[in-house]
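The values are calculated or read from the model by the stated rules, or taken from the named source; none is laboratory data. The structure displayed is predicted, hence computed values, not measured ones. Please note: Cβ atoms are built from the backbone with ideal geometry, for glycine as well, and neighbour counts cover all protein chains shown. Protein only, heavy atoms only, side chains kept; ligands, DNA and RNA dropped before computing areas. Shrake-Rupley method; radii C 1.70, N 1.55, O 1.52, S 1.80 Å.
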Amino acid sequence: MNRESSNHTNTDVQVDKGHYFEPDYLHPGRLASYGHQFQQVHDRDCQSLIEIGVGAGVLRFLLKRAGIGVRTLDIDENLKPDIVGSVTDIPRPKNSVDAVVGFQVLEHLPFEDFVPALREMKRVARDYVMISLPDVSRCYRFDNWFPLFGHLKFELQVPRINPPEHKYDGQHYWEIGKKGYSVDKVRNTVRSAELSIEDSYRPWEYGYHHFFILRPKN
């Protein structure tokens, strides 16, 4: 495979490629998240897209098997992406694919790079920018069946009085729900990148991943 390169990258490789195949990474919650990623792309009839971050290659595999044209971009050439480069410098023309997606990726950049990354994804995407971010906000889920009442399923989010401080762990520079990174701040930041929020949710199976389905405003 001939791989392309952008002009520069803006961060160092944070983990070895074997990290993505450890049981602690490929746990059932994350596998459920891959299902949501695939469904969001498939249900919106995206036929061409760029995936930022190769990871374990699960989404790429599913999309290709579904006949969807996907090219991957990553700073780590050992993961064998189609394009070696950074999300802040995607070597593709404006509006060249239906969607640009980056699931569990942008938290690996300092927050000041969040808007530049979103703007670059927006530049390349015709219709959609899809991302997911880690969210440690308290969320309690109840799912049970009761006689007389039947199946009851609901979610309760409880705000933290004192959100925890985020400490850089060698991978994540920030997470939703940590001090200074409220979900409202993230939503406002997304809008400042001239993207509208079509949908925003945390999967029932794994609330740590917060999905945002975005549309370019112009």
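Checking the condition open to solvent by 30 Å² or more (accessible area, probe 1.4 Å) and modelled with pLDDT of 95 or more, which residue from PHE142, PHE111, PHE149 passes? Show your work before the answer.
Details: PHE142 fails: modelled with pLDDT of 95 or more; PHE149 fails: modelled with pLDDT of 95 or more.
One residue alone meets the criteria, PHE111.
Any residue at all in the range 160-170 that is in a strand (DSSP E or B) and touching a residue at least 40 places away in the same chain (Cβ under 8 Å)? Even if it seems obvious, please write down each step before you answer.
To start, the set of residues in the range 160-170 that are in a strand (DSSP E or B) comprises none.
Within the range 160-170 (the criterion being in a strand (DSSP E or B) and touching a residue at least 40 places away in the same chain (Cβ under 8 Å)), the answer is no, since none of the residues qualifies.
Filter the range 69-116 for residues that are farther than 28 Å from ASN188 by Cβ and either in contact with a Cys (Cβ under 7 Å, 6 or more places away or on another chain) or assigned to a helix (DSSP H, G or I) (or both) and give the result.
Passing the criteria: GLU77, ASN78, LEU79.
Yes or no, residue by residue, for (1) basic (Lys, Arg); (2) closer than 20 Å to TYR173 by Cα:
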residue: PRO91; (1), (2): no, no
residue: SER96; (1), (2): no, no
residue: VAL105; (1), (2): no, yes
residue: LEU109; (1), (2): no, yes
residue: LEU118; (1), (2): no, yes
residue: ASP135; (1), (2): no, yes
residue: ARG141; (1), (2): yes, no
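What number of residues within the range 31-56 are over 17 Å from HIS108 (Cβ atoms) and either open to solvent by 10 Å² or more (accessible area, probe 1.4 Å) or not hydrophobic (A, V, I, L, M, F, W, C) (or both)?
Number satisfying all stated conditions: 14.
Got a sec? Which of ARG126, ARG119 is more than 23 Å from PRO203 (Cα to Cα) and part of a strand (DSSP E or B)?
Working: ARG119 fails: part of a strand (DSSP E or B).
Answer to the check: ARG126.
For the range 152-171: of the residues being open to solvent by 90 Å² or more (accessible area, probe 1.4 Å) and acidic (Asp, Glu), which is farthest from ARG202 (Cα to Cα)?
Checked the range 152-171; the qualifying residue farthest from ARG202 (Cα to Cα) is ASP169.
So, in the range 172-185, exactly how many residues are surrounded by 11 or more Cβ atoms within 10 Å (Cβ to Cβ) and assigned to a loop (DSSP other than H, G, I, E, B)?
9
How many of the residues in the range 186-210 are assigned to a helix (DSSP H, G or I) and open to solvent by 80 Å² or more (accessible area, probe 1.4 Å)?
The number of residues fulfilling the criteria is 2.
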